[in-house]
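A.B. asks: Just dropping this structure here.
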Amino acid sequence: QVQLVESGGGLVQAGGSLTLSCEASGRIFNIYGTGWYRQAPGKQREMVATITSIGVTNYADSVKGRFTISREAGKNTVYLQMNMLKPEDTAVYYCNTLLKPLTWGKGTQVTVSS
């Protein structure tokens with residue numbers, strides 16, 4: 001089965017930046033759209049950003065203008081560049097395919113201090 005591994009999270013001050021990476025064990029991101037999701041304590045998992053198989057992107061209103069999703073097809077990797085981070089961005093971040101989700105990875109923790 002295809003496995004998803006998220007990395008790049010950490011502790012950052014408000015206003016700072018982080019870049020998250022999502023690596024798939026199989027060559028799938030050239031075929032399927034991919035999304036970044038996040039889940040904060042006490043909240044449901046929400047979609048943050050998506051990129052289709054042809055590169056069309058979409059963002060949640062809460063992150064629009066601050067986050068950028070991109071794909072590196074040759075590496076089978078999807079990235080999430082996060083700028084101007086806010087404390088409310090604190091969450092565990094996950095990646096997954098859009099239409100037919102795979103088994104969720106462990107995610108990567110992003111903590112933004114005020």
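The values are calculated or read from the model by the stated rules, or taken from the named source; none is laboratory data. Only a predicted model underlies this, so the values are computations on that prediction, with no experimental measurement involved. Ideal geometry is used to build each Cβ from the backbone, glycine not excepted, and the neighbour counts take in all protein chains shown. These area figures cover heavy atoms from the full protein model, side chains too; ligands, DNA and RNA do not enter into them. Shrake-Rupley method; radii C 1.70, N 1.55, O 1.52, S 1.80 Å.
A.B. asks: Give me the Kirkwood hydrodynamic radius of the chain, using the inverse of the mean 1/r over all pairs of distinct Cα atoms, in Å to one decimal.
C.D. replies: Taking every pair of different Cα atoms in the chain, averaging 1/r and inverting gives 13.9 Å.
A.B. asks: Which of 48, 56, 78 moves most in a GNM of the chain, Cα contacts under 10 Å?
C.D. replies: 56
A.B. asks: Can you give the extra length, in nm with one decimal, that the chain gains between residue 66 and residue 109 once fully stretched, where that is 0.36 nm per residue apart less the Cα-Cα distance?
C.D. replies: Once the chain is fully extended between residue 66 and residue 109, it gains 13.7 nm.
A.B. asks: Could you give me the ³J(HN,Hα) list for region 93-99, computed from phi with Karplus coefficients 6.51, -1.76, 1.60 and θ = phi - 60°, whole Hz, x at Gly and Pro?
C.D. replies: After applying 6.51 cos²θ - 1.76 cosθ + 1.60, I find 9, 10, 10, 6, 6, 7, 7 Hz.
A.B. asks: What residues have an amide H closer than 5 Å to that of residue 67, excluding those fewer than 5 places away on the same chain, when H is modeled at 1.01 Å from N in the peptide plane?
C.D. replies: It is 83, by chain and number.
A.B. asks: Separate question: Would you kindly find the accessible area of residue 45, with a 1.4 Å probe and non-protein molecules such as ligands, DNA and RNA excluded, rounding to the nearest 10 Å²?
C.D. replies: 90 Å²
A.B. asks: Quick one: 3J(HN,Hα) in Hz for region 49-55, Karplus 6.51/-1.76/1.60 with θ = phi - 60°, rounded, Gly and Pro as x.
C.D. replies: 7, 9, 9, 7, 5, 9, x
A.B. asks: Using θ = phi - 60° and the Karplus form 6.51 cos²θ - 1.76 cosθ + 1.60, what ³J(HN,Hα) does each residue of region 13-30 get, whole Hz, x for Gly and Pro?
C.D. replies: Running phi through 6.51 cos²θ - 1.76 cosθ + 1.60 with θ = phi - 60° gives 6, 3, x, x, 10, 9, 10, 9, 10, 10, 10, 9, 6, x, 7, 10, 6, 7 Hz.
A.B. asks: Using 0.36 nm per residue of separation minus the Cα-Cα distance, give me the extension gain between residue 58 and residue 44 in nm, one decimal.
C.D. replies: 3.1 nm
A.B. asks: Under a crude label model (7 Å from the Cα following the beta-carbon direction), how far is residue 100 from residue 5 in nanometres?
C.D. replies: So the label points at residue 100 and residue 5 sit 2.4 nm apart.
A.B. asks: Using modelled amide H (1.01 Å from N, peptide plane; none on Pro or chain starts), what sits under 5 Å from the amide H of residue 48, excluding residues fewer than 5 places away?
C.D. replies: Long-range HN contacts for residue 48: 36, 37, 38.
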